[in-house]
Amino acid sequence: MVDIKDKVILITGASSGFGRVTAKMCIELGAKVILGARREKNLKDLCDELGSDVSTYLVTDVTSKEQMHALAQHGIKKFGHIDSLVNNAGVMPLSLLEKGRTDEWDQMIDVNIKGVLYGIDSVYSHMLERESGQIINISSVAGKRVMPGSAVYSGTKYAVRAISEGLRVESAGKIQVTCIYPGAFMTELAFTIKDESMMEALMSRGLGAIAQPAERVAESIIYALQQDPGVSVNEIVIRPTAQDA
Ligand code: NDP
């Protein structure tokens, strides 16, 4: 395990949930963070709390290649380089295909797939030039199995899994690559579900009651960040013990 003190870590989706908690843990361990998301107030408040010497943010929509690149460049300008990217931003507006909520399908594809790709693109050449770097992509257990209502979300998370594996084999010997598959954890993600019948169906499955604190997933991200450069934890699947699906 390595000390992540002074590591520079770019985190997307840092305005809430896993991203926010991971940013706090990184700072506690002495790292520096570059934070991106759309909600400026959340990012500003978080950076005020963390300290402007060790944190910085830029309002970023990860569906924009230009904005994602601007975030990485903003971080490099502030801290000199980027050691690690946590490609975390995501949305989950679940619904049955028969509902035809195509705008939500587009949104999931744009944020969960294109956003992850633009994140990789924004740091990849920088990391290759430095012959060092780490990319941690956040998939989901929905990236390993499909349930009614998760066809498109799962499609995007299977894609994150494939992209992570492709990145791993292409960058072998140069970059550490990790893909994390969380189950049900307490964040704002469920609020991205706008289809009321889907929300009711999820509630009746009791996932809300068994969901565990976001800190548990952040700890798994930290575990990946703490690996010696010669080692990559390629996959982490983390669920509440009570989650059977
Ligand atoms: P949250 O909703 O709390 O966080 C999602 C983050 O993504 C927010 O910071 C949000 O910021 C950001 N985001 C959404 N759209 C965009 C966008 N277009 N551009 C930039 N940032 C965006 O949920 P989680 O913390 O749970 O989600 C983090 C990741 O974990 C996601 O990829 C999710 O799919 C995955 N995951 C979560 C699970 C859970 O149980 N919580 C389970 C499995 C996977 P803003 O709105 O300010 O832009």
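Can you work out ³J(HN,Hα) from phi for every residue in region 28-33, in order, using Karplus 6.51 cos²θ - 1.76 cosθ + 1.60 and θ = phi - 60°, giving whole Hz and x for Gly and Pro?
So the J values, rounded to whole Hz, are 4, 8, x, 7, 10, 10.
Between V231 and S125, what is 0.36 nm times their sequence separation minus the Cα-Cα distance? Round to one decimal in nm.
Taking 0.36 nm per residue and subtracting the Cα distance, the gain is 36.1 nm.
Could you tell me the distance between the Cα centroids of region 91-113 and region 45-90, to the nearest Å?
Spelled out, the Cα-based centre of one part sits 26 Å from the other.
Any idea what the dipole of the chain comes to, in debye rounded to 20, about its Cα centre with Lys/Arg Cβ at +1 and Asp/Glu Cβ at -1?
So the dipole magnitude of the chain works out to roughly 120 debye.
Give me the one-decimal Kirkwood hydrodynamic radius in Å for region 61-201, with the sum taken over alpha-carbon pairs.
Final number for the Kirkwood radius of region 61-201 is 15.8 Å.
Full extension from E98 to D6: what is 0.36 nm times the residue separation minus their Cα-Cα distance, to one decimal in nm?
Gain on extension, E98 to D6, equals 28.2 nm.
Exactly which GluC sites (Glu not before Pro) in region 149-245 are in a DSSP loop and have at most 14 other Cβ atoms within 10 Å?
E188
Select from A184, Y118, M108 the residue farthest towards the positive end of the dipole of region 71-206; place +1 on Cβ of Lys and Arg, -1 on Cβ of Asp and Glu, and compute about the Cα centre.
The listed residue farthest towards the positive side: A184.
P(r) tail for the chain, what percent of Cα pairs lie past 25 Å?
Result for the distance tail: 38 percent.
Values quoted throughout were computed directly from the atomic coordinates according to the rules given, and no laboratory measurement underlies them. Everything numeric in this text was worked out from a predicted model, so none of it was measured. Heads up, the Cβs are rebuilt from the backbone with ideal geometry, glycines too, and the neighbour counts pull from every protein chain shown.
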